[in-house]
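The values are calculated or read from the model by the stated rules, or taken from the named source; none is laboratory data. Note that this is a predicted model, so its numbers are computed, not measured. Every residue, glycine as well, gets a Cβ built from its backbone with ideal geometry; the counts of neighbours run over all protein chains shown. In case anyone asks, the SASA skips ligands and DNA or RNA and just uses the protein heavy atoms, side chains included. Shrake-Rupley method; radii C 1.70, N 1.55, O 1.52, S 1.80 Å.
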Amino acid sequence: MLELTRNGAYLKCSAIHVATGREVSAMGPINEPEGLKRIAVAKLKRALAAR
């Protein structure tokens, strides 16, 4: 699950693995939401692989 939250000129993208509840987030400029989503998903994959 992905969640985008705006904070001024920045977006925070939280990526949550529903089965485990593991959550990571990434922040970036508001004009790059798709890139931010890719970064958050990549961080989540790394976090799950490290378990």
Carbon/sulfur accessible area of the chain, % of total, 1.4 Å probe, equals 54
Residue-normalised 222 nm signal for the chain, counting each DSSP H run of n ≥ 4 as -39,500 (n - 2.57), nearest 500 deg cm²/dmol, is -11000 deg cm²/dmol
Expressed in angstrom, Rg and Dmax over the Cα atoms of the chain are 10.9, 34
For the chain, dividing by residue count, accessible area per residue (probe 1.4 Å) in Å² works out to 71
Given 38-44, 8-14, the highest-first ranking by average Cβ count within 10 Å works out to 38-44, 8-14
